[in-house]
Structure formats: structure tokens, C-alpha cells
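Structure first, commentary second.
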2 protein chains.
Amino acid sequence: MERLKCKKLKNKVMTPEQAAMLFKDDMIVGTSGFTPSGYPKAVPLALAQRAKNGESIGLTLITGASVGPELDGALTEANIIKRRYPYQTTAEMRNAINNNKVQYSDMHLSHTAQWVKYGFLGKVDIALIEAVSITEEGYIVPSTSIGNSNVFVEMADKIIIEINSSQPIELEGIHDIYDIKNPPNRDIIPLINPDDRIGVPYIKCDLDKISAIVFTDIKDKTRAVAPVDEVSKKMAQNLIQFLEKEVEEKRLPINLLPLQSGVGSVANAILSGLENSKFKDLVVYSEVIQDSVIDLIKSGKVKLASGTSITISPDRLDEFYKDINYYKNKLILRPQEISNSPEVARRLGVIAINTAIEVDIYGNVNSTNIMGSRIMNGIGGSGDFARNGYITIFTTESIAKGGDISSIVPMVSHHDHTEHDVMVIVTEQGVADLRGLSPKERARCIIENCAHPDYKEELIDYLNRAQEGKYKHTPHILSEALSWHDRFLRTGTMKKGKLEEAK
Amino acid sequence: MERLKCKKLKNKVMTPEQAAMLFKDDMIVGTSGFTPSGYPKAVPLALAQRAKNGESIGLTLITGASVGPELDGALTEANIIKRRYPYQTTAEMRNAINNNKVQYSDMHLSHTAQWVKYGFLGKVDIALIEAVSITEEGYIVPSTSIGNSNVFVEMADKIIIEINSSQPIELEGIHDIYDIKNPPNRDIIPLINPDDRIGVPYIKCDLDKISAIVFTDIKDKTRAVAPVDEVSKKMAQNLIQFLEKEVEEKRLPINLLPLQSGVGSVANAILSGLENSKFKDLVVYSEVIQDSVIDLIKSGKVKLASGTSITISPDRLDEFYKDINYYKNKLILRPQEISNSPEVARRLGVIAINTAIEVDIYGNVNSTNIMGSRIMNGIGGSGDFARNGYITIFTTESIAKGGDISSIVPMVSHHDHTEHDVMVIVTEQGVADLRGLSPKERARCIIENCAHPDYKEELIDYLNRAQEGKYKHTPHILSEALSWHDRFLRTGTMKKGKLEEAK
């Protein structure tokens, strides 16, 4: 109870089960949570129980980004979520989407807040927010992420707060909440340096809208990151060599520019590689602060990290919380409308490093749909940063599935980032610097530097034959452009089988 | 000579032929010009003559956007341009690119300036800029466009100025030049209202770099716009009905938000439709100010238009120049780094209306490459606005080539705007509002509302069969997804022939 400092709100305290009764069929619910950190847990579990007990409840769920098993997992299993925005990663939700049980719209993470505020996603009924505490004034101090929480609190009819005592109280002060008005009254975002604090450390709210306060101590179910393997190490080396050359040629300052990195094991491994670089006094301006960034802060390589979420792998969470006071003044959490703002990303000139599922010879990137149809996670913030980065880099291993998939293909089977937004491709094979090149030059550059040797010859063959066509700007053979994927779907490999060779 | 007010520069005056001698093989040249307005004419013609006389000169040409026949036309015919950024429209240049004679990189127009300043496109040797005058201080007053002129003047070793007396001296004062620094020193762009003037009405420059001043009176070769036809009228009506509904439902203010519109006959016709709407006191914040905007200013519908270029069709140019003082205080020209700035577009909340070549059932848009390979013009500023618009609308007639092409296809043959960036599709058939919909819902909505009746059935058939596949998020049959284009390339029509039906 000491984390609830506002006396007026004491009478709103109830059990998760009681709070779960506030949800009605067909409601739109906005929750905290980003890269499974800081998402609500106790109330969703109690809500799932209602469905298990036979009630029929269908909801639209809007979050910051990915959330953990107590939310996306439990509510999907209970058949509660009918519609989902803007990003997800749990196996349950992914399967439900790919089986057409959930209607999913995969959005740029900088868009969600304004779409909610413009009314494009309907009226938000309930904001369900995890907090470390509530101030004397009744304002909400978020926990390990902010995401779109400030916007849901502003827009929702009712607010439910989960005060989570497993989240260290020391998180108070780490947040910097700045609200953006709607056009035509929208103003400048006054963030000029990555360490600027432009707002307040809590989410202001209308106390009358707070309908329930629940206490819980369920820990964030963050994801473990895989140990750094040889392939990731090689990719990190290639990336660092590229950045070093940019500094040498005076296209980048000696201490680089603010780094943005996607999330996950590969992204983590690549960022970890900076430990062995000569760069110092680095700054991170990204969505997610994950293990590697914490390590780089500890070693002194990174002096500041700004994001909208801290996600530390489970076996390192206790250690991080123990040392939180050391990290605290080097970390800032912002609403994702600010962390992912095109305005800010372009002003700061971020170095945008994101992961691709596959890349085509002309530099288009697929970040979301395997073989064109199967959603993996979502585009996340990669587009916010890629379009507005100083340098925009996509990384991918050159092959997948033990070599049965080439990550470099004639045409990607789904487009998330187009030729206009992709400057550099890094694989374990090497680096393709595409800046200023025409499509055909890009193709030669990518095949030569990034493709796996097993697929190079066939890629060159495709390009050569395509160039024999009438129109030579972006040469394609449309009857063949997606045949590698089709072959994989039919045979389990992109490699030509004997049958095909015989044709 | 009275337009050259700086005494110190009088000795730089020379003939176009003399100025043309400053160009050497392999140089990178940045010129003024946007949507063929305000581009240099006399010096390029003289330069083309050098090549015709047998000299071998190869150049990289970077402009604001499209330029007229004296530049892209004459230099392409003379085989001088080897590499081209970021946009083009002349038949000569388009053919040269599609025949692999010119290496063309088709860029977001907001990117070009910073790529030049970051050194990503190499060192600019010569800036060749059309001006209406040079001030006493030696500063350049641009003519009918600004484009990237300020950046080329800043970055080039040498500056050549064409003072064009066919451009009215009254253009003085219409420009608002604001320079953006490179990260990490980049600041806020202090433009909060569309009519804010944030800079100075001339391009400052280092006088020592001015190597030649040439006088000319060759008029802008702007393009004629086609008369408004029935199909365009229907598209305009559909668009206006959509906007009216948005106002009714309070998702847009009564006088809308700043309008951005692509360029060309269809865009012009659609904007003209606003004449018959109930909207008033409209504001345009766009790249290009074309005929329809001038008409809307005249009729009082539009109170202010901001762009980087004024392009009036040839038969209306004299009339516009005669009344220029009437229009002048209602027009502002800005560098394209400002007119197309994501920061400003998102802040103002522009209504982005751009033209698509084709759209697929999931809402992806092809703006550039016909049948996947043949470049038309380029992406231009459509991405700058579409990604950052308050509402993002793409328009296209539902068919092309007399019905042999469906503009709604299973999968676009080239992706410029992805599903994440397209909110509304307008054809003469109707309006598809895709906001908040999952891919499958988008498909039904587009087919139902926007596809031509001749192709509806086959589109639904494709979607239904695709949904029978294993992964149902973005259902595709990859072996068929591009078959409509392939059929067109083989048979001249996307319609199934008897041969195919017999299969």
C-alpha cells in the first residue's frame, strides 16, 4: 500500500478478479507493455479466467509493442482477443493470427499513438497500465516500459492500474513523459540532444477515470537472448568495420551518432560487438534497452541510453535491479511517440540497425511475413528509424534453415522497407553499401558481398537473364521473381532439386 | 544587367558557351529545378553543344526533381548524363534509364539534400542555379523553384548562375530559405504554422565560389495538364465525400488540415474538385503549386499555398505572371528539405493525396515501375508525405490501357509504399478506407470498393484460394501473385484469354 501515495485513491483498490469484471464484450483496451516489459499481468490472468468459466468476451487489444504470456498468451488461449495492434511476439498470438483467429494490423510503432488520438482505431474504453507507484497527486509512475501508456490514459474512459511490487521503486524518476497535441495544434518536440528531459516523470491523469487499482508482484517475463554465436560475431565485425570506415572517410563523427538497434538475439549480439570496437562515449537512442546496452554502459562504452522499454533477460534481471542506482542516471524512458519519432530520429541522425528476414537483390527488405504470408512479429519501429536514420543498416544471416533458405532472393515475398529506405546490408559474408547506386548496381553489390556462396551463381544468373528483358531499370522476370519461395514451399528448400534441373 | 545588383560580380558575366567550358568529364553537378520549373537552360544547351561537337563529357546530375528538355532532354540526347538523382520525367531521360544508358537512383525527395550534405553522393563540383536576380550582397534569388539549390550552393566548389529575365522580378520575396545543419548539430525546424516564414528570401553564398553568371530569357517548359475528364471528376467526388464524412465524424476539422497533392493531370483534376466542395479557408502544404491551386486561391477556397515549386501550364503562364502581385502574399516557396520534411508534415498533419500506378489487395502501392521493371518517373515526395500524413490517400483509375490493365492486382509488381503507409484508396469506383483493418479485411474492402467490375471476380477468386493456404495472415499464392503482370507482358492484357481459360 505504500506505493499508492494518493489518499483519494485508496478506495479504488480491489482484487484482480474484481477489476476484471470491468471488461465487457466488444471493448477496446489499451495496455502498457513493450518488448515484454511493463505490461499488466494480474488483471489479464483474472480476465482469462472469466472466459474459462464460460463467459464470452471479445476485445480489441492495443499495446505499446510485444507483451508477455499473461496478456497476449492467456487472453489468446481464452479466445478473448479478436483484434490486435500494433506488434506481438508470443507463440499463442502469432499462431492465432496465422490461423485467422485474430485480425492483426501490423503498424509502425510511431503511428499507434496518433491513430488512437485521431480516433482511427475507435474509442478506447479501458486503459490497463502497470505502474511502480502512484504519486500523492494520483499520477501514474510507469514501470519498465512506457509505450503508449500516456495516450491510453488520456483517451480511455476508464483506467485500471496494476501496481507491481516486483518492479523496483528506484524506477521512479527514470521516465520522461511528454504529450503531443493533435494537429492543427501540434508543436515542436523540443528534444535536441539524446539526454534532454522534456517532460515529467509520471503520467498525469484524470483521477475520476481511475476505476480500479490492483496490487501484484508477478515479474516481467522477458525473453532470454541467445549466446553470441560465430555468425553473429562475424556480422558484428562486418558492421563495425563499416562504421570505422565511415569515420575514417569523415562521413561519421569519431564517436558516431546515436545508435538505434532492433531487439532480439541477433540485434543484441551485434550491439555487443561494439565492446571490442575503438568507439567510446557512445549514445543509444532506440526503442528498447536490452542486455547488450546495459553491458556497454557498465563497461563505459555507452554513456547514455534512451528508449521506451528496458528488457533484460530473465537470468540477469536480479543483477540489473541490484545495480539499478548505478544505471539510473544513464537511462531515460520516453513514450514511444517520442522514442520512435521521425522528427527526433532525423534531427539526432540515428544510426539505424535493424534485422531483416530477407533482402532482395534490389535492396528491398522483408521484416515481417515469412514466405509472404506467415507473420512473424511485425515491423515494429524499424520503419520509423530506417526512413529517418543518418545511416540505415539491415542485418541478416545470408542463409536460414540450415541453408535451405537464402536470405538474399530475387524479390522479397513481402515488402516492409523499399529500395528507397535501405542504405547498407550486412550479413556474415560481408557488407553491401548501396548508397547512390542504381538498382542494377545494387544487385551486383548485394550478390557479391552478402549472398551465401551456395546461392550466388543462381542470383547472378537471374539478374543476367532479367537484364535481357526490354526494360532495364529494375530488371525482373516476373514469372520467376518469387519462384525461390514457391520452390521452398513445395520442396522444403530453395535449392534446385534434380527434378527442376532436369527441366 | 539591372537584375545583377552586386557590383563585385559584374566581372563574372559571360556567355553560356563560356560558362559551359567549366564542366569537365566525371564531375558531379547539382542544379536548380523542380517539376520542370526554375531549372537552368542556357548553359545546359551550350554544354550539349560541346558534346555534339565531339567532346566526351560524362556527368552525374542531381536536381531538385524533374527538369525540362533543355537540361534532362538535351544532355541525355548528347549522352552526357551518366548518373541521375533523385527524380525525372522527360521522355529522353526515362528511355535512357530503361535502356540502361543512365544509372538512376530514385530517392525520397526529402533525402537528397541530406545525402549531399553527408557526402553520400560524392563531392558536388558545380552548382548550376537559375535566378531571377542577384542582390547587392551577391546573394541568389531563385526563380520558380528552390528544390535543393541552397544545398548545392553550400556544398559545390563552383557556382554558375543563370539570371533568367523571362521569370518575373516580382518573384523576389516569395522564397523562404532556411538551412538545416548536419547531426549532431541539427536543430528544430521552427515551422509551426503553414504560413510561418522562418528564413531569408535569398540563398546566401560564398562570393568567391561564383564562377560564372549568364543571362538568358528562355521560358520554363512546364507541362500542360489534361482537361478534367469524367473519370477524374468521379475520383474527385469520391475523395471529397470521404473528407466530408471525416469532418462529420469529427476526425478532421471543418476546414480540413493542410493539403498535400502529387503533381500531374490526375492530381490537378482531383484538387480542382475542391472548388465544388463546402470546404473553405483551405491551406496547401505541398511540394508543387500547380494550376488547380492557383485557381483555388483565385476563387478564395485556398488562402495560402506553400511548396518548393510553382509550375503553371504553358497556356496559363502569362496570365499568372500578369496577376503575380495578387498571388504573391498567398504563396511561399521553401527548400525541398523543408517542404518535404517528415518533421513538418507530421507536425502540421497534412492530408497526403498521391497518385498510384497500381495498388494490391493488401494496400501496397507501386508508384514508379510499370510491370515491375520500367521506370516511369520516381517516388518523388509521395513517401515523405504518405508516411507522415494525418491521413494518407492514394488515387488511381481502377483500370489502364483501355481496360487491359487492372490497377488493383493480387500483388503489386514493385513496392514503393507498403501496407503500413496506406490508409485510403480512391478510384472512380469508390473509396476503400483501410484504417485499422487486417490484411484480409483490407483485401475485401479494396476489391469491393475500388476494383473495376471486369476484374472483381478474379480478385475475389485469388483471395479465396489464397486463404485456403496454411498461413492466413497475408494470404498469397506465390506462384500466381505476379501472374497478372506476366500475362499482360505475354498477351497485352491482364484479362484471361481463351487459351488460358481452357487450361
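Results, tabulated for the structure shown:
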{"quantity": "Heavy-atom accessible area order for A:His111, A:His476, largest first, 1.4 Å probe", "calculated": "A:His476, A:His111"}
{"quantity": "Partners for B:Lys301 among lysines (Cα-Cα distance below 24 Å; same-chain residues under 8 apart left out)", "calculated": "B:Lys233, B:Lys234, B:Lys245, B:Lys250, B:Lys278, B:Lys280, B:Lys322, B:Lys328, B:Lys330"}
{"quantity": "Hz values of 3J(HN,Hα) by residue in the stretch B:300-307 - Karplus curve (6.51, -1.76, 1.60), Gly and Pro given as x", "calculated": "x, 5, 10, 9, 7, 9, 10, x"}
{"quantity": "With all protein chains modelled, accessible area of A:Val231 [1.4 Å, Å²]", "calculated": "40 Å²"}
{"quantity": "³J(HN,Hα) computed for each position of the stretch B:428-443 - Karplus, 6.51 cos²θ - 1.76 cosθ + 1.60, integer Hz, glycine/proline x", "calculated": "5, 7, x, 10, 10, 9, 9, 4, x, 8, 6, x, 5, 5, 4, 4"}
{"quantity": "The stretch B:95-172-the stretch B:372-429 distance, computed between alpha-carbon centres (Å)", "calculated": "29 Å"}
{"quantity": "Amide proton proximity set for B:Glu358, modelled H, under 5 Å, gap of 5+", "calculated": "B:Asn366"}
{"quantity": "Percentage, to the nearest whole number, of Cα pairs in the protein assembly as shown over 53 Å apart", "calculated": "15 percent"}
{"quantity": "Accessible-area value, B:Arg490, 1.4 Å probe, nucleic acids and ligands omitted, Å²", "calculated": "140 Å²"}
{"quantity": "Integer Hz, Karplus 6.51/-1.76/1.60 couplings in order for the stretch B:326-336, x for Gly and Pro", "calculated": "5, 7, 3, 7, 10, 10, 9, 9, 10, x, 5"}
{"quantity": "Fraction of antiparallel bridges per DSSP, chain B only, in percent to nearest 5", "calculated": "25 percent"}
{"quantity": "Label-to-label distance, nm, for residues given as B:Tyr321 and A:Asn53 (7 Å Cα→Cβ offset)", "calculated": "8.1 nm"}
{"quantity": "Cβ-defined net charge surrounding B:Leu463, 9 Å radius [Lys, Arg +1; Asp, Glu -1]", "calculated": "+2"}
{"quantity": "Among the listed pairs A:Lys12/A:Lys117; A:Lys472/B:Lys496; A:Lys440/B:Lys181; A:Lys41/A:Lys158; B:Lys7/B:Lys158, those beyond 25 Å (Cα-Cα)", "calculated": "A:Lys12/A:Lys117; A:Lys472/B:Lys496; A:Lys440/B:Lys181"}
{"quantity": "Exposed-site-free run, longest, chain B (rule: GluC sites (Glu not before Pro); DSSP loop; at most 11 other C-beta within 10 Å)", "calculated": "B:250-467"}
{"quantity": "Magnitude of the charge dipole, the protein assembly as shown, Cβ model with Lys/Arg +1 and Asp/Glu -1, debye to 20", "calculated": "100 debye"}
{"quantity": "Positive-end extreme of charge dipole, chain B - chosen from B:Val124, B:Leu459, B:Ser413 (charges on Cβ)", "calculated": "B:Val124"}
{"quantity": "Radius, Kirkwood style, for chain B when every pair of distinct Cα atoms is counted (Å)", "calculated": "23.6 Å"}
{"quantity": "Gyration tensor verdict on the stretch B:375-440 (Cα atoms; rounded if a/c is under 1.5, prolate if a/b is larger than b/c, oblate otherwise)", "calculated": "oblate"}
{"quantity": "For B:Gln167, net neighbour charge (Lys/Arg +1, Asp/Glu -1) across residues whose Cβ lies under 12 Å away", "calculated": "-3"}
{"quantity": "Globularity index of the stretch B:308-348, i.e. its alpha-carbon radius of gyration over 2.2 N^0.38 Å", "calculated": "1.47"}
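The values are calculated or read from the model by the stated rules, or taken from the named source; none is laboratory data. Since the structure is predicted, the reported quantities are computational estimates derived from the model, not experimental observations. Positions of Cβ are backbone-derived with ideal geometry, glycine not excepted, and every protein chain shown enters the neighbour counts. Quick note on the areas: whole protein, heavy atoms, side chains included, nothing else; ligands and nucleic acids left out. Shrake-Rupley method; radii C 1.70, N 1.55, O 1.52, S 1.80 Å.
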